[in-house]
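Working notes for the structure below.
The values are calculated or read from the model by the stated rules, or taken from the named source; none is laboratory data. Every value quoted in this text rests on a predicted model; they were computed, and no experiment measured them. When we count neighbours, we look across all protein chains shown, and the Cβ atoms used for this are built from the backbone with ideal geometry, even at glycine.
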């Protein structure tokens, strides 16, 4: 898929500075920026390398200041924001932009037409940048790489000892710091070692989030090229060693198709390293999270033909089982993952069932059953964070002060915004689902324990309906013991599971309430607008955003479960198709070719959070294929 902006859109900074592009290398590294050329996030740059794939991500090449020389004064075609100023103002000269596998800008500056193309190398921390002269006359371009060696979550300031070493070789400039080398290869260019600092580059999106917005960037040299008509030059930037340039040609694409857009978007999230197979939860700032990965597997893997990858991911997570829990997330720095989640492990069973139901594999099924049996054993006995099966009703209880264990996991300082201690509705829907998956596997594999497991599942399902259904409010409680009747979308997750414990007559009524109060064109609100504590805008500094995260903010990924429940309990595929088709707008509103993490609860609904969120894409793709039949 190719996403394009025309000249008018590119030159409108309100549009071009808020449309972002992303290229990924499959091992955690990426290149990312805005159409305008301005780095509006600390995560923007031409090369962010995964120094310990898939983590240890470090910004190495923030960008390239580029000027076109042709008789008169040089014209800058790049753009940087500084306090109170933008320099150069290259966005004025953009004629078009497109991104698919390559990010491409076309400029007209001083009567000259210049094309810039940027491609990332698969499975390498490297990029190729191409500049081509499309003018009928010769032009000179000068390029100044702006470099740093900092964590992609951080900021950089001038250091007298930066870089640790700077080595000028033939056609190559090597900048080394923190034991990481940035190798700039520029054959055919005339290099001048003009060294100096560019101070206080400013990131507008970080200002909005209340975070430190400024970077000091180092320029090691200037590189000049004399380009004849139709001549092009290639630069590469890489970590560790010099690389050969790759093609920066872009295949053209036809009309928008939702299936194709979703499948292409899904490709960005897969990582395959010597450490593990996994899925990045979202670009740019997430790593691989257990919960997000398990929710995403059915959409990302099954409906893109990646069954083998799904099995590898599931087995890698199973090998990290601790106390009957799979990791909540693998951390950016360090080796010990976090296990503070109650639902990731339950979604693991659901993902495994989906994979095996789509393509049976007895050998793999035996490994999965062994893992689920161990999960069940630990949950019955009781594991970390108060997670334990209540023998009185067969349901799962959980909770520990100061710890957020469900997907509604926002925390501001010591304040857990939505603790949901006790027995949450989707957790127990998932627990009943896990027991049924275990019984299904036992039956398929000839295990005589299947009948007993099925009895446990039926007992828990009966308890679920007796305790969660609220006949007056006509929807399911969000938690019981203690009871919380807040209108939230978590009940929809329970309704949409393969082995849902929800009675159809109750689910249908609850769905009507959810539709009336929670459904929006871009997802479900996390809290009903009439509920105490509702917050309709996801904005402000990070504490304000975290406080609003699950208090009314809309999440697109919930559309998947909503449409599954809609089709299951009402049979209305036409309405499901309409809802999912409307997601086309989301591919072009923020991250081009991606679906954002969240939207505002109130209109106008602006996107927020991660511009490329794995489960947003995965769940819409899963429901589109499973419930609607695709297109």
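Does segment 600-618 contain at least one residue that is in contact with a helix residue (DSSP H, G or I) (Cβ under 7 Å, 6 or more places away or on another chain) and in a loop (DSSP other than H, G, I, E, B)?
No: segment 600-618 contains no residue that is in contact with a helix residue (DSSP H, G or I) (Cβ under 7 Å, 6 or more places away or on another chain) and in a loop (DSSP other than H, G, I, E, B).
Being touching a helix residue (DSSP H, G or I) at 6+ places or on another chain (Cβ under 6 Å) and crowded, with 20+ Cβ neighbours inside 10 Å is the filter here; which residues of segment 202-249 pass it?
If we filter segment 202-249 for residues that are touching a helix residue (DSSP H, G or I) at 6+ places or on another chain (Cβ under 6 Å), which is where we start, we get 209-210, 213.
The answer is 213, and nothing else.
Can you name the number of the only condition in (1) within 15 Å of the chain's Cα centre (by Cα); (2) surrounded by fewer than 22 Cβ atoms within 10 Å (Cβ to Cβ) that residue 309 fails?
(1)
Condition check: modelled with pLDDT of 95 or more, surrounded by fewer than 23 Cβ atoms within 10 Å (Cβ to Cβ) and in a helix (DSSP H, G or I). Does residue 461 satisfy that?
Details: modelled with pLDDT of 95 or more: yes; surrounded by fewer than 23 Cβ atoms within 10 Å (Cβ to Cβ): no; in a helix (DSSP H, G or I): yes.
The answer is no for residue 461.
Out of curiosity, is residue 145 in a strand (DSSP E or B), under 21 Å from residue 48 (Cβ atoms) and either over 27 Å from the mean Cα position of the chain (by Cα) or at pLDDT below 95 (or both)?
Working: in a strand (DSSP E or B): yes; under 21 Å from residue 48 (Cβ atoms): yes; either over 27 Å from the mean Cα position of the chain (by Cα) or at pLDDT below 95 (or both): yes.
Taking the combined requirement at face value, the residue satisfies it.
Listed here are the residues, each with its yes/no results for (1) in contact (Cβ under 8 Å) with a residue 24 or more places away in the chain; (2) closer than 26 Å to residue 555 by Cβ; (3) in the same structural domain as residue 601 (by TED's automatic domain parsing).
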| residue | (1), (2), (3) |
| --- | --- |
| 443 | no, no, yes |
| 447 | yes, no, yes |
| 492 | yes, yes, yes |
| 506 | yes, yes, yes |
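Run down 72, 37 and say which single residue is crowded, with 21+ Cβ neighbours inside 10 Å and either more than 21 Å from residue 215 (Cα to Cα) or in contact with a helix residue (DSSP H, G or I) (Cβ under 6 Å, 6 or more places away or on another chain) (or both). Working first, answer last.
On the way: 72 fails: crowded, with 21+ Cβ neighbours inside 10 Å.
Unique residue meeting the criteria: 37.
Which members of segment 333-345 meet the condition of being surrounded by 22 or more Cβ atoms within 10 Å (Cβ to Cβ) and out of contact with any strand residue (DSSP E or B) (no Cβ under 8 Å at 6 or more places or on another chain)?
Hit for segment 333-345 is 343, nothing else.
Against the condition without any contact (Cβ under 8 Å) to a residue 40 or more places away in the chain, in a loop (DSSP other than H, G, I, E, B) and surrounded by fewer than 24 Cβ atoms within 10 Å (Cβ to Cβ), how does residue 540 come out, does it pass? Show your work before the answer.
Details: without any contact (Cβ under 8 Å) to a residue 40 or more places away in the chain: no; in a loop (DSSP other than H, G, I, E, B): yes; surrounded by fewer than 24 Cβ atoms within 10 Å (Cβ to Cβ): yes.
Taking the combined requirement at face value, the residue does not satisfy it.
Do you know which residues across segment 346-369 are over 31 Å from the mean Cα position of the chain (by Cα) and under 20 Å from residue 320 (Cα atoms)?
Just the residues of segment 346-369 that are over 31 Å from the mean Cα position of the chain (by Cα), to begin with: 362-363, 366.
Hits for segment 346-369 are 363, 366.
Does residue 545 count as outside the structural domain of residue 17 (by TED's automatic domain parsing), over 25 Å from residue 298 (Cα atoms) and either surrounded by fewer than 16 Cβ atoms within 10 Å (Cβ to Cβ) or under 23 Å from the mean Cα position of the chain (by Cα) (or both)? Before you say what the answer is, go through the steps one by one.
On the way: outside the structural domain of residue 17 (by TED's automatic domain parsing): yes; over 25 Å from residue 298 (Cα atoms): yes; either surrounded by fewer than 16 Cβ atoms within 10 Å (Cβ to Cβ) or under 23 Å from the mean Cα position of the chain (by Cα) (or both): yes.
Here the answer is yes, as residue 545 does meet what is asked.
Can you tell me which condition residue 593 does not meet? The list is (1) surrounded by fewer than 24 Cβ atoms within 10 Å (Cβ to Cβ); (2) touching a strand residue (DSSP E or B) at 6+ places or on another chain (Cβ under 6 Å); (3) in a helix (DSSP H, G or I), and all the others hold.
Exception for residue 593: condition (3).
Name every residue in segment 270-299 that is within 12 Å of the chain's Cα centre (by Cα) and part of a helix (DSSP H, G or I), in order of residue number.
Going through segment 270-299, the residues within 12 Å of the chain's Cα centre (by Cα) turn out to be 270, 279-289, 292-293, 296.
Hits for segment 270-299 are 292, 293, 296.
Among the residues that make up segment 423-442, is at least one of them over 34 Å from the mean Cα position of the chain (by Cα), in a helix (DSSP H, G or I) and over 19 Å from residue 379 (Cα atoms)?
Just the residues of segment 423-442 that are over 34 Å from the mean Cα position of the chain (by Cα), to begin with: 442.
The next check asks that each one be in a helix (DSSP H, G or I); those that pass are 442.
Adding the requirement that they be over 19 Å from residue 379 (Cα atoms) leaves none.
No; the residues of segment 423-442 include none that is over 34 Å from the mean Cα position of the chain (by Cα), in a helix (DSSP H, G or I) and over 19 Å from residue 379 (Cα atoms).
How many residues does segment 554-584 hold that are free of Cβ contacts under 8 Å to residues at least 12 places away in the same chain and either buried (at least 24 other Cβ atoms within 10 Å of the Cβ) or in a helix (DSSP H, G or I) (or both)? Explain how you work it out, then say what you get.
Initial filter on segment 554-584 (free of Cβ contacts under 8 Å to residues at least 12 places away in the same chain): 571-572, 574-575, 578.
Now restrict to residues that are either buried (at least 24 other Cβ atoms within 10 Å of the Cβ) or in a helix (DSSP H, G or I) (or both): 574-575, 578.
Summing the residues that are free of Cβ contacts under 8 Å to residues at least 12 places away in the same chain and either buried (at least 24 other Cβ atoms within 10 Å of the Cβ) or in a helix (DSSP H, G or I) (or both) in segment 554-584 gives 3.
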